[in-house]
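The values are calculated or read from the model by the stated rules, or taken from the named source; none is laboratory data. All figures in this text were calculated on a predicted structure; none of them were measured in a lab. All Cβ positions, even for glycine, are placed from backbone atoms using ideal geometry, and neighbour counts span all protein chains on display. The accessibility values were calculated without ligands, DNA or RNA, using every heavy atom of the protein model including side chains. Shrake-Rupley method; radii C 1.70, N 1.55, O 1.52, S 1.80 Å.
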2 protein chains.
Amino acid sequence: MPTPHYGQPRYHVIADALRERIESGVIPPGTLLPTESALTAEFRAARGTIRQAIGLLRETGWVSTEHGRGTYANLGPFGSPPSETSELRRRRRVVPDRELATLFAVDEGATLLEEQFVTKVDGNVREVVRRYRLTPPAL
Amino acid sequence: MPTPHYGQPRYHVIADALRERIESGVIPPGTLLPTESALTAEFRAARGTIRQAIGLLRETGWVSTEHGRGTYANLGPFGSPPSETSELRRRRRVVPDRELATLFAVDEGATLLEEQFVTKVDGNVREVVRRYRLTPPAL
DNA sequence: AGAAATTTGTCCGTATGTATC
DNA sequence: AGATACATACGGACAAATTTC
């Protein structure tokens with residue numbers, strides 16, 4: 001099989017499928033997810049891909065894995081055992097407001113690179129950080 | 001080559017080496033890191049391992065990666081570096097835009113605390129960071 | 001404008017190390 | 001000790017975004 005990833009990446013799709021099973025109760029909280037090899041067989045995906053999907057669920061608090069034991073389903077994002085802080089990211093090109101245009105000494109028609117970091121605690125947004133930089137030369 | 005990882009994992013070691021270069025100025029903020037293939041050659045590591053190391057730096061805010069372009073060195077984890085590179089700051093209350101209002105789950109009439117950090121290098125603005133929070137912990 | 005080269009993103013298959021049961 | 005499962009690492013391939021010519 002080649003490597004088609006037209007829409008979402010494979011591991012995104014797999015993560016979504018697993019998340020849905022947890023949400024719907026097919027995989028009850030506190031129970032083990034299928035093993036990596038089982039998921040590998042079911043989704044016809046490589047181990048690394050399965051592990052990326054599980055890693056995604058772990059970062060978002062849906063599961064917790066224990067070394068040498070397995071991966072457990074949690075109650076939900078930041079539901080039961082896990083997480084204090086999470087961090088999401090987004091990047092895009094934006095038109096600077098007057099202040100930014102002045103600081104960077106560019107026209108207001110120019111574009112800046114904006115990165116946004118969202119820090120959550122127990123599922124609540126604690127702070128949002130927006131970083132602005134000049135778009136690297138040549139554009 | 002086998003896969004020894006006795007002490008620290010290789011991607012930890014590589015990440016540390018790269019972070020050291022950023023901190024010491026060998027790789028100045030805003031400039032590109034060597035390409036993945038260059039790092040592959042230098043560290044004699046597989047590309048996946050290099051990408052793991054870079055991913056570590058990205059999670060901790062040391063670098064930012066752009067598809068098809070490269071990986072840029074940042075100043076450090078967010079606004080952290082109280083470095084000699086001058087840094088101004090300003091504090092004020094602002095009305096959240098729609099996105100911020102949604103993230104913080106507040107009305108658009110509410111006010112958020114905005115802190116602005118301006119980092120200059122050689123007198124030129126390198127980056128502007130704006131942090132938004134609900135309640136100031138210690139104003 | 002368009003094609004080629006460069007660079008990061010994703011995926012595959014495999015092998016070995018390490019921790020737990 | 002053996003079985004199971006996660007962690008790390010290798011190498012190769014194709015896809016997508018960007019830059020360069």
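Put the label 7 Å from Cα along Cα→Cβ for A:H12; what are its distances to the other copies, in nanometres, shortest first?
So the distances to the same position in the other copies read 3.2 nm.
Quick one: how many Å² of B:S37 are accessible to a 1.4 Å probe, rounded to 10?
Surface accessible to solvent at B:S37 totals approximately 80 Å².
With every protein chain left in place and a probe of 1.4 Å, what is the accessible surface of B:L103, to the nearest 10 Å²?
The accessible area of B:L103 comes to roughly 50 Å².
Report, for B:G109, each distance to the same residue's label point in the other copies, shortest first and in nm; define the point 7 Å along Cα→Cβ.
Going from nearest to farthest copy, the values are 4.0 nm.
Taking the label point as lying 7 angstrom from Cα along the Cα-to-Cβ axis, what are the distances from B:E23 to the corresponding position in the remaining copies, in ascending order and in nanometres?
Copy-to-copy label distances for B:E23: 4.2 nm.
At a Förster radius of 30 Å, what calculated FRET efficiency corresponds to the Cβ-Cβ distance of A:E36 and B:A38, to the nearest 0.05?
Once rounded, the FRET efficiency stands at 0.40.
From largest accessible area down, sort B:D16, A:D107; use a 1.4 Å probe on the protein chains.
A:D107, B:D16
If DNA, RNA and ligands are ignored and the probe is 1.4 Å, what is the ranking of A:T65, A:T35, A:T71 by accessible area, most exposed first?
Largest accessible area first, the residues go A:T35, A:T65, A:T71.
Sticking with the crude label model, points 7 Å out along Cα→Cβ, report the distance from A:A46 to B:T60 in nm, one decimal please.
Between A:A46 and B:T60, the simple spin-label model gives 2.7 nm.
For B:R91, what accessible surface area do you get with a 1.4 Å probe? Give it in Å², rounded to 10.
Taking all protein chains as shown, B:R91 has close to 110 Å².
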